[in-house]
1. Give the residues of segment 36-46 that are surrounded by fewer than 18 Cβ atoms within 10 Å (Cβ to Cβ) and among the hydrophobic types (A, V, I, L, M, F, W, C), sorted by residue number.
2. So, in segment 65-80, how many residues would count as being exposed (fewer than 15 other Cβ atoms within 10 Å of the Cβ) and under 26 Å from THR18 (Cα atoms)?
3. If I filter segment 47-64 for residues that are assigned to a strand (DSSP E or B) and either surrounded by fewer than 19 Cβ atoms within 10 Å (Cβ to Cβ) or in contact with a Phe, Trp or Tyr (Cβ under 6 Å, 6 or more places away or on another chain) (or both), do I get at least one hit?
4. What strands (runs of 3 or more DSSP E) completely inside segment 69-188 contain at least 1 residues that are at pLDDT below 75 and farther than 22 Å from THR3 by Cα?
5. Check LEU143 against each of (1) more than 16 Å from GLN30 (Cβ to Cβ); (2) hydrophobic (A, V, I, L, M, F, W, C); (3) touching a strand residue (DSSP E or B) at 6+ places or on another chain (Cβ under 9 Å) and name the one condition it does not meet.
6. Of all residues in segment 14-29, how many are touching a residue at least 60 places away in the same chain (Cβ under 8 Å), part of a strand (DSSP E or B) and surrounded by fewer than 17 Cβ atoms within 10 Å (Cβ to Cβ)?
7. Kindly establish whether PHE27 is within 11 Å of the chain's Cα centre (by Cα) and of a type in the set (Phe, Trp, Tyr).
Amino acid sequence: MPTRVHEFAWPDRVVVGTIGLPGARTFYLQVRAGTQIVSIALEKQQSALLAEKIDEILDQLLTVEGNPFSVPTSTPIELVDNDQLEAVQEQFRTGAMSLGWDPTTAQVVIEAHPLTDIDADADADDHAEPLDQDGANEPEMLLVRMPVGTARAFARRTREIVGAGRPICSLCGYPIDADGHICTLPEV
């Protein structure tokens, strides 16, 4: 069965955002082009790593003589997006992701694939669940291509969203919950 690809070549918006309170947030990668919106759930660590690697790619491209791709050193002010997520309807929970660079269009490319039963449970049987006849379990993926300025803005916002979680206790290094914190000092 062919894979259903949610492809965005020049998205109007691509952001990471959250739903829920710190300590119980769900992270979403949301992409919009016109009226088409796709939201996929991902882990906080996936979000942080994605932002880090995008910045690494862009920083490396900055070192190319003459900066032929016009990579900005910081987020262009006109691309800052601090708005909330739009209506979220989760398409899938992200498993494997890949990140790349397309020099022909000067775009950062993100591919995200759904979490599979094998990803979710390392001890799963070798028998995969059969695909539904109505396509409900149709294989799918998200493919996003974004220009360098948008990619820089995406990375900045994602770092801010990831960092906006629970504060860290200066004594024990564990997160402080909104309803209190029992500090467990490390043994000396």
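The values are calculated or read from the model by the stated rules, or taken from the named source; none is laboratory data. Just so it is clear, the structure is predicted and the values come from calculations on it, not from any experiment. Using ideal geometry, Cβ is built from the backbone for each residue, glycine included, and neighbour counts are taken over all protein chains shown.
1. none
2. Matching residues across segment 65-80 total 5.
3. no
4. Strands (runs of 3 or more DSSP E) meeting the threshold: none at all.
5. (1)
6. 1
7. yes
This table checks each residue for (1) of a type outside the set (Ser, Thr, Tyr); (2) more than 15 Å from THR158 (Cα to Cα).
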site: VAL5; (1), (2): yes, yes
site: LEU21; (1), (2): yes, yes
site: ILE40; (1), (2): yes, no
site: GLU52; (1), (2): yes, no
site: ILE57; (1), (2): yes, yes
site: THR105; (1), (2): no, yes
